[in-house]
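Before any comments, here is the structure.
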Amino acid sequence: MSVLDKLREATSVDAIKTDLLRTAYENEGSFLHRLDPRVLLLWYGIFLFIPWLFYDTEVLLGLLAFVSILAVLSRVSLFLVGVMAFSVASTLVSYAIVTAFTGDPVAAVRALIPFTLKLTIISVSSLAVFSSMGPKTLARGLRSLGLPRQFTFLITYGYRMLPVLFEEYHDLVNSYRLRSAPPDSPGRFRWRHYLYLLKLSMRAFYPMIFNVAKRSRVTVEAMETRGFSHSLNDAASTELQLADLQVRPVDIGFVGGSLAVVAVIAVVL
Amino acid sequence: MSTSSATGSRFSIGKHNMMAFILVMSLTGLQNAVTEILPEFSLGPLEIGVGEFVFIPIVLILLFRTYWAALAVPVGEIVFGEILLGEFDGLGAMEGLFLIPVCYYFAAKLLQDPENTTQLAIVVFVAEALEEFLATIIDIGKVYVGVEELEAVAGLPESIIVLEGVDFLVQMAITGIGFGVIPALYLYPKLHGKIEPLLGMEPFQGRRGASMAGGVSIKASLAVLLAFPLAFVAGAVSEVGGAINVVWEPEFLAVYGQHFIAVPIVVSAVIAIIVWYRVTRSA
């Protein structure tokens, strides 16, 4: 078994797929999931701005630690965290390499570190909030904040359809593989093999487009039959849908508590 | 039933627009999720590998040619690729929401003769190049706004421009041509006239030998000009904290002291209370 094969095992498409779908769907038990979606959105809005108030690297590191704990509590996907960490590190490294030719790399990295840290804090907090919220809760939260129902419907629609589409696409790719011959020799680093898979995954979209077209027509017609457009302007239906959204003491405690943590970090460090 | 016109409808955005919207959204989202999984070699702002199968959204927009279809592209990316996978970056997503539809719509209007292969290739290329070019400018601008004393560090501004410029060229070669123009040339003729009737719409006929100049829509170009600054503001606010960063500089802190931090905290607390009050009252 070559090294490449081992790497592929660890990052196999199936493993990543399961991990991502788990991020999207299995967040019922996490701490942030129990909070009101509107409060979480407000919290996220606050944390979009807080990092920009500080310039000390220690304070920023403290904030990063705090949001990371929240992210761990809301069980974000390790794959996503890995992707993010790699992109942060490689951004810094690439700037350093290029500045080595045009100027002083150490000064450049030093100037970029607080900036990168702030961006990382924001991405980690959005990862924590949006992976723990779940599209259904998010859709209701946005709806109660006044977003049009057509849009929030699309979020929940995507939530239902993504696994189905994923499965269907995977089946199509597999059937294409069954019906076609792989390249005779894989070539150096198996590049022919990967090119073959890539072409195949592009061609598998062709039947997929027709499937989705039929499905979207059926969806819209079924919605119309059930009075979707009629209910759009109906206040009673909105009220019914949003009835169980309420801000409880635990929500206020969460926002107040995290602000207190930020204050402590800012004062102590 | 299958030939009813696209205008007669009870939906506020039109029944057929809704169908096309769901279709484009689902496929863009699926494409986004699939390419997310495919291996990619990214080095900071440089991305080498399968970026996206851009030919899918672009071909679908060329087929349906409505603004709604173009709007479905960023929405699909946001809903499937970001919200579902927990990567949503709030205001940062607004940048794509402003930029992608206007660029793609502008390019789609350029296609006047669906049987002219050269025209098709140019249109697909223009769609991708326009979007990518504006996004690159926004990226460079964001770093300029974000990193204080950028000019003071020798070589940093140049290196950012070099990196972003190289990234633009690599993106255009791989995503723009490899995953854009070439597959689109195969896919568009295969779908044209087949997919529209499935949704009960008339396929776009165009005019044989019509030139692209006739497709330059003033409204679409104005939309691009309008959306660009909006996208820049959204991108800048999301990544550099907006106005806070401009005022809240180290020199400012040196003058007023870190205690001044109480002011934004009090202000944000007041805003939070007002928002909370409004939300609870309306719910």
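The values are calculated or read from the model by the stated rules, or taken from the named source; none is laboratory data. These numbers come from a predicted model, not from an experiment. Neighbour counts are summed over all protein chains in view; Cβ atoms, including those assigned to glycine, are modelled from backbone coordinates with ideal geometry.
Give the residues of region A:127-160 that are more than 25 Å from residue A:72 (Cα to Cα) and either in the same structural domain as residue A:72 (by TED's automatic domain parsing) or crowded, with 23+ Cβ neighbours inside 10 Å (or both), sorted by residue number.
A:154, A:158
Return the residues of region B:13-34 that are more than 9 Å from every other protein chain (Cβ to nearest Cβ) and at pLDDT below 80; say none if nothing qualifies.
The one that is more than 9 Å from every other protein chain (Cβ to nearest Cβ) and at pLDDT below 80: B:14.
What number of residues within region B:111-131 are in a helix (DSSP H, G or I) and either surrounded by 21 or more Cβ atoms within 10 Å (Cβ to Cβ) or without any contact (Cβ under 8 Å) to a residue 24 or more places away in the chain (or both)?
In the first step, residues of region B:111-131 are kept if they are in a helix (DSSP H, G or I); the result is B:117-131.
Cutting the leftovers down to either surrounded by 21 or more Cβ atoms within 10 Å (Cβ to Cβ) or without any contact (Cβ under 8 Å) to a residue 24 or more places away in the chain (or both) gives us B:118, B:120, B:123-124, B:126-128, B:131.
So the answer is 8.
Filter region B:60-79 for residues that are within 13 Å of the chain's Cα centre (by Cα) and of a type in the set (D, E, K, R) and give the result.
Hit for region B:60-79 is B:77, nothing else.
Would you confirm, using the coordinates I've provided, whether residue A:209 is under 30 Å from residue A:50 (Cα atoms) and either assigned to a helix (DSSP H, G or I) or in contact with a Leu (Cβ under 8 Å, 6 or more places away or on another chain) (or both)?
Working: under 30 Å from residue A:50 (Cα atoms): no; either assigned to a helix (DSSP H, G or I) or in contact with a Leu (Cβ under 8 Å, 6 or more places away or on another chain) (or both): yes.
Judged against the criteria, residue A:209 is not a match.
Among the residues of region A:21-39, write down those that are touching a Ser or Thr at 6+ places or on another chain (Cβ under 8 Å) and modelled with pLDDT of 65 or more.
Those that are touching a Ser or Thr at 6+ places or on another chain (Cβ under 8 Å) and modelled with pLDDT of 65 or more: A:22, A:30, A:31, A:32, A:33, A:37, A:38.
Is it fair to say residue B:169 is farther than 18 Å from residue A:202 by Cβ and within 26 Å of the chain's Cα centre (by Cα)? Explain how you work it out, then say what you get.
Working: farther than 18 Å from residue A:202 by Cβ: yes; within 26 Å of the chain's Cα centre (by Cα): yes.
Answer is yes for this residue.
crowded, with 18+ Cβ neighbours inside 10 Å and small (Gly, Ala, Ser): does that describe residue A:68?
Working: crowded, with 18+ Cβ neighbours inside 10 Å: yes; small (Gly, Ala, Ser): yes.
Yes, satisfied.
Could you tell me which numbered condition residue A:192 fails, if it satisfies all but one of (1) more than 9 Å from chain B (Cβ to nearest Cβ); (2) out of contact with any Ser or Thr (no Cβ under 9 Å at 6 or more places or on another chain)?
Result: residue A:192 passes all but (2).
Please specify each residue of region A:172-209 satisfying the condition of being modelled with pLDDT under 90 and of a type in the set (Val, Ile, Thr).
Listed by number, the list holds a single entry, A:173.
For region A:226-258, enumerate the residues that are assigned to a helix (DSSP H, G or I), at pLDDT below 80 and within 9 Å of another protein chain (Cβ to nearest Cβ).
Matches in region A:226-258: A:229, A:230, A:232.
Here's the yes/no breakdown for (1) assigned by TED's automatic domain parsing to the domain that holds residue A:34; (2) acidic (Asp, Glu); (3) assigned to a helix (DSSP H, G or I); (4) under 25 Å from residue B:166 (Cα atoms):
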residue: A:59; (1), (2), (3), (4): yes, no, yes, no
residue: A:62; (1), (2), (3), (4): yes, no, yes, no
residue: A:75; (1), (2), (3), (4): yes, no, no, no
residue: A:83; (1), (2), (3), (4): yes, no, yes, yes
residue: A:91; (1), (2), (3), (4): yes, no, yes, yes
residue: A:94; (1), (2), (3), (4): yes, no, yes, yes
residue: A:109; (1), (2), (3), (4): yes, no, yes, yes
